[in-house]
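Following this message is one structure expressed as structure tokens.
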Amino acid sequence: MKKLIALLFTFPLALSLSMPAFARAARKEVHKEHVYYGDISDSNCGAHHKMPNNTRECTQACIKHGAKYVFVGSRDKVLMIENQNMPELEKFAGEHVRIMGTRSADGKGVAISSIRAAHRRKKKAKA
């Protein structure tokens, strides 16, 4: 009888002590949404377009020829857009945008949840 009582007491205690460790491990795998500023481009041109004066037309032309939409962030970091079927991507092709999105586990892509136009910040003059 004493062994049964000890077992009934030990099992819930061990389970309750291990729960915080499981919770921490689960939180590390969840990627949160963040705000990113950058440009909507295409996988052929990336950060540097072949038609620099008209990035919108260049992006649309490359998309028509089979390229995929990409997001070009700070320091010309190119991320593949995982949800290519968003209608807003065509609207903002070649434009500077603000997106809400979740980075992929490997860090090479982003799933966009919302997108809107943004203004470019002026670069600070070096003293």
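The values are calculated or read from the model by the stated rules, or taken from the named source; none is laboratory data. None of the values given here were measured: they were computed from a predicted structure. Every residue, glycine as well, gets a Cβ built from its backbone with ideal geometry; the counts of neighbours run over all protein chains shown.
For the subset of the stretch 67-81 comprising residues that are part of a loop (DSSP other than H, G, I, E, B) and among the charged types (D, E, K, R), which member is farthest from His96 (Cα to Cα)?
So, considering only residues that are part of a loop (DSSP other than H, G, I, E, B) and among the charged types (D, E, K, R), the one farthest from His96 (Cα to Cα) is Lys68.
Just give me the residues in the stretch 81-111 being touching a Phe, Trp or Tyr at 6+ places or on another chain (Cβ under 8 Å) and under 22 Å from His48 (Cα atoms), in sequence order.
Once the filter is applied, which keeps residues that are touching a Phe, Trp or Tyr at 6+ places or on another chain (Cβ under 8 Å) and under 22 Å from His48 (Cα atoms), the stretch 81-111 yields Ile81, Gln84, Leu89, Ala93, His96, Val97, Arg98, Ile99, Val110.
Can Asn53 be described as assigned by TED's automatic domain parsing to the domain that holds Ile112 and either surrounded by 14 or more Cβ atoms within 10 Å (Cβ to Cβ) or at pLDDT 90 or above (or both)?
no
I'd like to verify a number: residues in the stretch 96-106 that are surrounded by fewer than 17 Cβ atoms within 10 Å (Cβ to Cβ), more than 10 Å from Glu33 (Cβ to Cβ) and in contact with a strand residue (DSSP E or B) (Cβ under 8 Å, 6 or more places away or on another chain), how many?
Summing the residues that are surrounded by fewer than 17 Cβ atoms within 10 Å (Cβ to Cβ), more than 10 Å from Glu33 (Cβ to Cβ) and in contact with a strand residue (DSSP E or B) (Cβ under 8 Å, 6 or more places away or on another chain) in the stretch 96-106 gives 3.
Look through the stretch 33-66, keep the residues that are in a helix (DSSP H, G or I) and over 20 Å from Ala117 (Cβ atoms), and return whichever of them is nearest to the chain's Cα centre (by Cα).
Filtering first and then ranking leaves Cys62.
Asn85: under 18 Å from the mean Cα position of the chain (by Cα) and either exposed (fewer than 14 other Cβ atoms within 10 Å of the Cβ) or in a loop (DSSP other than H, G, I, E, B) (or both), yes or no?
Here the answer is yes, as Asn85 does meet what is asked.
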